[in-house]
Amino acid sequence: QNIRKDGTVFWCRASVSTFDHPQFGKIWVSVHEDVTEHKHMEDSLRKSESLFRNYFELGQVGMAITSPEQEWLNVNQHLCEMLGYTKEELTKMTWVELTHPDDLEPDLVQFRRLLCGEIEKYSLDKKFIHKNGNIIYTHLTVACQRKPDKSIEYVIASVADITERKHAENELREKEERLALATLQNGVGIWDWNLRDNQWWASDTY
């Protein structure tokens with residue numbers, strides 16, 4: 001670091017060399033290059049990397065960095081807890097192995113489109129299989145990080161656990177189906193009138 005006359009600080013890279021002069025003897029030559037902008041870029045990159053690490057590790061969703069070959073290269077603790085595996089176990093597996101068979105092909109279709117550059121990211125609801133065999137409902141978002149030459153550097157995925165929401169939705173749907181069946185079998189008529197919107201609905205048995 002150096003200080004200018006006006007008090008501002010700048011960074012420079014110095015190189016020193018010597019040579020023997022026939023008249024003056026040993027001469028020292030010092031060359032200084034202003035690298036302030038480069039240092040600022042390094043600082044910005046370091047801060048960005050720190051923010052990314054914090055988001056990756058401390059986020060409230062599962063995070064994973066995967067290869068184009070579907071390997072999990074890195075995963076955060078939240079994803080490990082969600083799926084019941086240790087980090088060491090998950091990074092020896094592929095996400096294909098833990099995807100529910102019903103949801104594998106739709107995910108693979110979008111993943112292939114991502115790799116070939118048709119899309120930059122995609123989102124979908126997807127089921128994973130927990131280590132204990134339970135089904136984990138998730139909302140998955142996948143994006144691609146590319147190099148300057150457009151080749152893939154890595155794929156990053158966020159995995160939000162929506163199991164409780166899905167169970168609540170399924171339970172509500174089952175109750176509605178049972179109610180509809182009961183009204184149909186017993187000939188009970190049901191009607192509903194929304195006074196605010198003046199919308200009217202009646203069951204087939206009304």
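The values are calculated or read from the model by the stated rules, or taken from the named source; none is laboratory data. Being a predicted model, the structure only gives us computed values, none of them experimental. We place every Cβ from the backbone using ideal geometry, glycine too, and count neighbours over all the protein chains shown. To get the accessible areas, we keep the full protein, side chains included, count just its heavy atoms, and leave off ligands, DNA and RNA. Shrake-Rupley method; radii C 1.70, N 1.55, O 1.52, S 1.80 Å.
Points worth noting:
- A count restricted to region 104-138 and to residues that are within 19 Å of the chain's Cα centre (by Cα), more than 19 Å from ALA64 (Cα to Cα) and polar (S, T, N, Q) stands at 0.
- Pairs meeting the criteria (first residue in region 109-134 and over 21 Å from LEU98 (Cβ atoms) and touching a residue at least 12 places away in the same chain (Cβ under 8 Å), second residue of a type in the set (Lys, Arg) and assigned to a loop (DSSP other than H, G, I, E, B), beta carbons under 8 Å, at least 6 apart or on different chains) are GLY117/LYS150.
- Selected residue (criterion: farthest from PHE128 (Cα to Cα)) from residues of region 85-106 that are among the charged types (D, E, K, R) and open to solvent by 30 Å² or more (accessible area, probe 1.4 Å): GLU88
- Scan of region 149-174 for residues that are exposed (fewer than 10 other Cβ atoms within 10 Å of the Cβ) and of a type outside the set (Asp, Glu), ordered by number: LYS150, SER151
- Evaluation of ARG146 against (1) under 16 Å from the mean Cα position of the chain (by Cα); (2) at pLDDT below 90; (3) open to solvent by 90 Å² or more (accessible area, probe 1.4 Å) (one fails), failing number: (3)
- Criterion applied to MET82, MET63 was being surrounded by 15 or more Cβ atoms within 10 Å (Cβ to Cβ) and under 22 Å from LYS147 (Cα atoms), and the one residue passing it is MET63.
- Meets criteria (touching a Pro at 6+ places or on another chain (Cβ under 9 Å), closer than 16 Å to ILE156 by Cα and surrounded by fewer than 18 Cβ atoms within 10 Å (Cβ to Cβ)) for LEU124: yes
- Test: residue in region 16-32 that is surrounded by 10 or more Cβ atoms within 10 Å (Cβ to Cβ), at pLDDT 90 or above and in a strand (DSSP E or B): no
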